[in-house]
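Written below as C-alpha cells is the structure these notes are about.
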C-alpha cells in the first residue's frame, strides 16, 4: 500500500532539489562576479587599451547580480509554495487515513451487529423447542435431562455460545447444555439476572432481551452477553409464560476474531489499538491486552455524525463509527473505535 505521507515526503524532496539548484546558481554567479571584478581591475591597469574589455566586464558583473537577485526571489517564492503544498499534503494524509480508519470501524461494528442479530433470532427460535417446553410443562428428571441433551446438541453446532440455560418462572435453572463444564448452573437461581427479569415479563413470543457485556460467575467469570426470550406453553406466541431461555454469547473469542480481522497492515497494526466500546465509552473488547474491559476512554464524537475521526495528543488519530443496527436488532449504542499513531513525516 502506498503511504499517503509520501506526498509530504516528495514535496520536501522537491524543495531540497530546488534549493540545491538555486544554491549552485548563486555559487556560479558569485564566481562570475569575482571574475568580472578582477577583469575590471585588469582593464583599469591596461588604460585605454582595456576600455573595451572594461565595458564587457561591467556588463557581466551586472548580469551576475541580476541572476543572483532572481535566484534569491525564486528561493522565497519556492519556500512559500512548498510550505503550502506540505500543509495541503498533511491535511490530505490526515483525511485519507481518518476516513479509511472510520470505514474500518464501521465495518467492524457492522459485523458485530449482524452477529448479534442472529443471536436474537436463535433465542426466539429455540424458545419454541419441544423438549424445552416439555421439560417446563412436565417437570421430571428425565425431561430436564433430555432438555439439557438437546441444548448440548445445539451447542455442538453453534460454537459461538458458551452455554444455553432454561429456567422456570421462579428463576431456577432446570437445564444446561454444558452442565459438565459448568457444574454450578443447574439448580442455580437467576431470578435477579437482567436477562431473566426482562424475558419473564415479555408479552409476545416476538420479543427478546439483549444484554450488556458482563463477567458471568456461573460461567467461571467468562465475559459474555446474554440473550433471552420467554418460553411459552404450547410454544405459542401469546400463550402463558412457563419459563425463560438464556443463551450466552462467547464474547471474547468471537470479538477477538472480529478485531484481528480488521484489515490493517502489519505496520499499521503495530501502531494501532482496535476497540469496541459501549454507549458509555467503556471498553468491551480491545486489541490491547493491557487495557482492561470496562475502562473508559476519551472518545471525541461529532454531534450528528455517526462516523468520523479526530486527532488526539501525541500525533494519534482516532476514528469511530456508531452501531447502525441490523434488521430487527437496533444495536445497543456501541461503537467501533480505532486509534492509530500516525507515521512520522520528514520536515
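Neighbour counts of C-beta atoms inside 10 Å place 153, 284 in the sequence 153, 284, starting with the fewest.
In this structure, residue 189 and residue 99 have a Cβ-Cβ separation that, at R0 = 56 Å, corresponds to a calculated FRET efficiency of about 0.65.
Taking region 127-254 on its own, what percent of its Cα-Cα pair distances exceed 27 Å? The answer is 9 percent, as a whole percent. For region 127-254, the relative contact order works out to 27 percent when only alpha carbon pairs closer than 8 Å and six or more residues apart are counted.
Express the relative contact order of region 189-347 as a whole percentage, based on alpha carbon pairs under 8 Å and six or more residues apart in sequence.
Numbers: 269 pairs, mean separation 23.2, N = 159.
Relative contact order comes out at 15 percent.
Relative contact order for region 224-276: 31 percent, from Cα pairs under 8 Å spaced at least 6 residues apart, divided by residue count. Hey, quick one: spin label on residue 140, modelled 7 Å out along Cα-Cβ, who in region 170-186 has an amide N within reach, i.e. under 18 Å? The answer is 174-175, whose backbone nitrogens lie closer than 18 Å to the label point. Each of 185, 274 was scored by other Cβ atoms within 10 Å of its Cβ. Arranged with the fewest first, they read 185, 274.
Tell me, what is the FRET efficiency for residue 180 and residue 267 to the nearest 0.05, using R0 = 45 angstrom and their Cβ-Cβ distance as r? Don't skip to the end; give the middle numbers.
Working: r = 45 Å, r/R0 = 1.00.
Calculated transfer efficiency: 0.50.
Ranking 103, 267 by Cβ neighbours within 10 Å, fewest first, what do you get?
Numbers: 103 14, 267 11.
Fewest-to-most Cβ neighbours within 10 Å comes out as 267, 103.
Quick note: the coordinates plus some simple rules give every number you see, no bench work behind them. All values reported here derive from a predicted model rather than from experimental measurement. Virtual Cβ from ideal backbone geometry, glycine too; neighbours counted across all protein chains shown.
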